[in-house]
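Q: Handing you this structure, nothing more for now.
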Amino acid sequence: MGIHKIEDFAANCQFSGAVLLTDQQNNIVWSAYGYSNRADSIANQPDTRFGIASGCKLFTAIAVCQLIEQGKLALDSKLSECLAVPLPNFSPEITVLHLLSHCSGVPDYFDEETMDDFEDLWKTLPMYTLRSGKDFLPLFQNERMKFQPGERFHYNNAGYVLLGLIVEQHTGMRFGDYVEQFVFKPSGMQHSGYFPLDRLPSNTAYGYIEEGDGSWRTNQYAIPIQGYADGGAFVTAPDMALLWRALLNHTLLSPAMTEQLLGLHTYDPGGEQHYGLGVWITKKHGEVSKYHVMGYDPGVNFRSAYYPATGHILVVASNGSGGAFEMMQMIEEELLK
């Protein structure tokens with residue numbers, strides 16, 4: 001059992017992407033399937049770069065926590081005090097912690113409770129204009145609060161855009177540059193970055209969207225052209241494993257701040273998951289069974305987890321709109337049970 005089971009599963013569900021399962025000593029599974037470029041039949045490789053959508057909210061949380069350790073912010077810092085951006089209808093009680101843990105109540109630019117098609121956003125604001133955090137502001141900054149801060153959990157992309165703007169204001173750096181220098185580089189992530197869709201480097205997978213007639217198109221006109229603090233970075237599967245290791249061995253944050261990031265801050269009753277700071281947390285029998293991140297965009301599907309009981313790290317990156325969750329579930333049931 002092992003790689004053959006994964007290969008059979010990948011073939012049956014037409015999975016396109018990369019899979020990495022590793023423990024403290026070595027890679028148990030390191031494989032890739034499908035094409036990074038369908039038109040030219042270029043195969044995905046285990047070290048191909050993949051978009052990970054919201055999977056990179058963890059990077060944003062780490063960046064914010066670094067600024068907290070430097071004394072530039074605090075978890076209880078008010079949004080109105082640490083970000084000089086007009087937000088006329090926002091509550092003055094919103095804190096950094098509220099934003100990190102998705103309980104701020106700020107209006108989202110893509111509200112998953114009321115919207116179905118992510119591509120509808122670009123009918124009024126072309127996706128190719130979104131190259132910085134401030135470019136997202138017209139989508140939500142003048143809207144009204146959904147609920148009062150701290151009232152409940154509600155997954156929110158706009159909150160993480162605001163966190164990215166906070167990082168920029170307090171460091172004087174573009175958000176992507178800060179993460180690449182102070183999160184990716186210390187982790188040893190040499191092949192990951194916030195690459196614009198119109199300037200993708202070599203060995204990067206195009207994201208593909210399946211049409212109703214079985215044909216495919218790239219996601220170039222379906223998602224923001226430049227990723228930001230709420231999602232859109234590109235990573236390799238080995239690099240993502242390095243990120244988990246760097247976080248867990250306290251290369252990126254102190255033990256106390258790492259504990260804060262991985263703490264149980266809020267609870268999503270719909271998904272029956274806890275949420276820390278930029279990371280989902282699953283509990284079984286009263287114990288944490290995994291810390292994990294996930295991402296979905298048109299043409300992007302991503303899952304990655306750390307399993308504290310065994311020390312395993314799993315990365316599943318897909319350049320299609322589905323498959324990563326099912327692959328993760330199968331591996332958990334067959335290899336990590």
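The values are calculated or read from the model by the stated rules, or taken from the named source; none is laboratory data. Computed from a predicted model, the values in this text were never measured in an experiment. So basically every Cβ, Gly included, is an ideal-geometry build from the backbone, and we count neighbours across all protein chains shown.
Q: Please tell me if Gly270 is buried (at least 21 other Cβ atoms within 10 Å of the Cβ) and small (Gly, Ala, Ser).
A: So Gly270 does not fit the description; no.
Q: Let me ask you something else. Does segment 85-101 include one or more residues that are assigned to a loop (DSSP other than H, G, I, E, B), of a type outside the set (Val, Ile, Thr), under 20 Å from Gly231 (Cβ atoms) and touching a strand residue (DSSP E or B) at 6+ places or on another chain (Cβ under 6 Å)?
A: yes
Q: Something else about it: Counting only residues that are outside any loop (DSSP other than H, G, I, E, B) and closer than 25 Å to Gly278 by Cα, how many does segment 180-221 have?
A: Qualifying residue count, segment 180-221: 11.
Q: Does Gly295 qualify as being assigned to a strand (DSSP E or B) and not β-branched (Val, Ile, Thr)?
A: When the stated conditions are applied, Gly295 passes them.
Q: Restricting attention to segment 8-32, which residues are more than 20 Å from Ser321 (Cα to Cα) and either outside any strand (DSSP E or B) or of a type outside the set (Val, Ile, Thr) (or both)?
A: Hits for segment 8-32 are Leu21, Asp23, Gln24, Gln25, Asn26, Asn27, Trp30.
Q: Sticking with this one: (1) crowded, with 21+ Cβ neighbours inside 10 Å; (2) in contact (Cβ under 8 Å) with a residue 60 or more places away in the chain: which one isn't true of Tyr291, the others all being true?
A: (2)
Conditions (1) over 17 Å from the mean Cα position of the chain (by Cα); (2) buried (at least 23 other Cβ atoms within 10 Å of the Cβ); (3) over 26 Å from Ala237 (Cβ atoms), marked per residue:
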| site | (1), (2), (3) |
| --- | --- |
| Thr129 | yes, no, yes |
| Leu139 | yes, no, yes |
| Phe147 | yes, no, yes |
| His154 | no, no, yes |
| Leu162 | no, yes, yes |
| Asp198 | yes, no, no |
| Pro201 | yes, no, no |
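Q: Let me ask something else about it. Of these, Ala305, Ala324, which one is surrounded by 23 or more Cβ atoms within 10 Å (Cβ to Cβ) and without any contact (Cβ under 8 Å) to a residue 60 or more places away in the chain?
A: Unique residue meeting the criteria: Ala305.
Q: Here is a follow-up. Just give me the residues in segment 33-63 being assigned to a strand (DSSP E or B) and β-branched (Val, Ile, Thr), in sequence order.
A: Ile42
Q: Note down all Cβ pairs under 6 Å where the first residue falls in segment 18-33 and is closer than 9 Å to His312 by Cβ and modelled with pLDDT of 90 or more, the second is outside any loop (DSSP other than H, G, I, E, B) and not aromatic (Phe, Trp, Tyr), and they're at least six residues apart or on different chains.
A: These pairs meet every condition: Leu21/Ile28; Leu21/Val29; Leu21/Leu314; Thr22/Ala241; Thr22/Ile313; Asp23/His312.
Q: Same structure, new question: Going by the structure shown, is Gly271 assigned to a loop (DSSP other than H, G, I, E, B) and at pLDDT below 95?
A: yes
Q: Ok, one more. List the pairs whose first member sits in segment 235-253 and is under 16 Å from Phe182 (Cβ atoms), whose second member is modelled with pLDDT under 95 and of a type in the set (Asp, Glu), and whose Cβ atoms are under 7 Å apart, counting only residues at least 6 apart or on separate chains?
A: If the second residue must be modelled with pLDDT under 95 and of a type in the set (Asp, Glu), no pairs are left.
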